[in-house]
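Quick notes on the structure that follows.
The values are calculated or read from the model by the stated rules, or taken from the named source; none is laboratory data. Quick caveat: nothing in here was measured; it's all calculated off a predicted structure. Methodologically, a virtual Cβ is constructed for each residue, glycine included, from the backbone with ideal geometry; neighbour enumeration extends over all protein chains shown.
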Amino acid sequence: MSNTMKAAVLHRVGEALSIEQVPIPVPGRGEVLIKVVACGVCHSDLHAIDGDWSELPLLPLIPGHEITGHVVAQGEGVQQPAIGEAVGVPWMYSACGTCEYCLAGMETICAHRESTGYSQPGGYAEYMLAPAAFVARIPDGVDLYAMAPILCAGVTTYRGLMRSRARPGQWVAVLGIGGLGHVAVQYAKAMGFRVVAVDVSADKLELARSLGAERLINAREEPVQAIKEQLGGVHAALVTAVANAAFEQAVGMLRPGGTAVFIGLPGGDADTVRASISAISGWELTITGSNIGTRQDLNEAVAFAARGQVTAQIVTEPLEAINQIFERMRKGQLVGRTVLKIA
Ligand code: NAD
Ligand code: ZN
Ligand code: ZN
């Protein structure tokens, strides 16, 4: 094995990634070296390279946090996962394990967590490191390309649906049928919910219909709030759209007692919403956020996919296509999830 690898590297926020040869990292104590098979392209990677969020990524950066691959080397003290085992690496690279949130099973809000492909090098590369304690184990015989999006889109929407506290048989709206939203529709179905899909593009809505959404709303053509007259509103609304308007629409779609779960992260000027205090108070609405998922959420999200109840609709592309993929993502032209085929 040579000691360099191919990677897509961001040198300055707002610039294109460059494909380069960089050193293969060496696993330290508690770490594993992973040979990457696939890495999904999440909209969070585009936010990272565009510098959309107040906290900027660490540069130079290898993005990518929807990773599947195989363990090829173990650092000192690592027994599991074993060499040769299939693993996945999510956005949550690590958490401290000792703060009040980690202890309470809420490692997703640990203040000391590190983020894959943001504060630590990610999966737009042939190899990467990850802490052994935070990688997901992927069952044998699973398609690692189709599994990659579960590492972010899957776990994030699965946790978001659980945080909505919707019950089987209830209506859940998914606003934004992109990489996250199209798996959210499937988790919602698998969890027994009835789905209203909202997007601004007909092909995304058609995908949602094929995945089991019962009602489709094109927010560009019809008032989203009409669902209040039709169904009395939805019990929960999951916002995975990147557009600010969708967050306000989600609250407006809720039936009394309903919950809106904010997941999309438009950032910048689009980071603030207006909501009616009297509606929230008088109808006991809940607005909550959901941030990726815990390791347990991830194991559960992977299990749904491994059983075939959730299957990401993927298009595979080579690493070299990354800048064109981002161009298409900016224009909202990607349907399903685009996955980099690294190996
Ligand atoms: P994507 O680009 O694949 O999908 C976005 C979708 O939103 C597209 O289908 C687009 O057509 C749709 N959309 C655009 N405007 C809309 C509108 N006004 N109403 C309804 N739909 C609209 O993006 P993705 O990879 O699915 O990521 C979505 C967002 O979720 C990003 O902001 C990403 O950073 C964020 N995210 C958050 C977390 C978290 O833990 N909170 C995790 C992963 C991703
Ligand atoms: Zn992501
Ligand atoms: Zn912690």
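Output the number of residues of segment 15-65 satisfying the condition of being under 23 Å from G154 (Cβ atoms) and not basic (K, R). Step through it out loud before you land on a result.
Within segment 15-65, the first condition is being under 23 Å from G154 (Cβ atoms), and the residues that meet it are 32, 34-49, 52-53, 57, 62-65.
Filter once more, keeping what is not basic (K, R): 32, 34, 36-49, 52-53, 57, 62-65.
Qualifying residue count for the region: 23.
Looking at L61, L56, L103, can you tell me which residue is loosely packed, with under 14 Cβ neighbours inside 10 Å, assigned by TED's automatic domain parsing to the domain that holds V9 and within 16 Å of ligand 1 (Cβ to nearest atom)? Criteria check complete, one pass: L56.
Determine if segment 254-263 includes at least one residue that is in contact (Cβ under 8 Å) with a residue 24 or more places away in the chain, in contact with a helix residue (DSSP H, G or I) (Cβ under 7 Å, 6 or more places away or on another chain) and closer than 17 Å to V183 by Cβ. Yes, that holds for at least one residue.
Please verify whether V135 is of a type outside the set (S, T, Y), surrounded by 24 or more Cβ atoms within 10 Å (Cβ to Cβ), farther than 20 Å from K204 by Cα and in contact (Cβ under 8 Å) with a residue 40 or more places away in the chain, treating the condition exactly as stated. Criteria met by V135.
Just checking, how many residues over segment 160-190 are under 26 Å from L334 (Cα atoms), part of a loop (DSSP other than H, G, I, E, B) and among the hydrophobic types (A, V, I, L, M, F, W, C)?
Total satisfying the criteria: 1.
Output the residue which, of all residues in segment 313-340 that are charged (D, E, K, R) and surrounded by fewer than 18 Cβ atoms within 10 Å (Cβ to Cβ), is farthest from ligand 1 (Cβ to nearest atom). Write out each step before concluding.
First pass over segment 313-340, keeping only residues charged (D, E, K, R): 317, 320, 327-328, 330-331, 337.
In the following step, the residues that additionally are surrounded by fewer than 18 Cβ atoms within 10 Å (Cβ to Cβ) were identified as 317, 320, 327-328, 330-331.
Working: E317: 14, E320: 21, E327: 12, R328: 9, R330: 9, K331: 10 Å.
This residue is E320.
Restricting the first member to segment 99-117 and to residues that are in contact (Cβ under 8 Å) with a residue 40 or more places away in the chain, and the second to residues that are part of a loop (DSSP other than H, G, I, E, B) and among the aromatic types (F, W, Y), the beta-carbon pairs closer than 9 Å and six or more apart or on different chains are S115/W91; T116/W91; G117/W91; G117/Y124. Can you pull out every residue in segment 121-157 that is within 16 Å of ligand 1 (Cβ to nearest atom), of a type outside the set (A, V, I, L, M) and out of contact with any Lys or Arg (no Cβ under 8 Å at 6 or more places or on another chain)? Answer for segment 121-157, where residues must be within 16 Å of ligand 1 (Cβ to nearest atom), of a type outside the set (A, V, I, L, M) and out of contact with any Lys or Arg (no Cβ under 8 Å at 6 or more places or on another chain): G122, G123, Y124, C152, G154, T156, T157. With respect to (1) within 16 Å of ligand 3 (Cβ to nearest atom); (2) aliphatic (A, V, I, L, M); (3) touching a Leu at 6+ places or on another chain (Cβ under 6 Å), the lone exception for A8 is condition (1).
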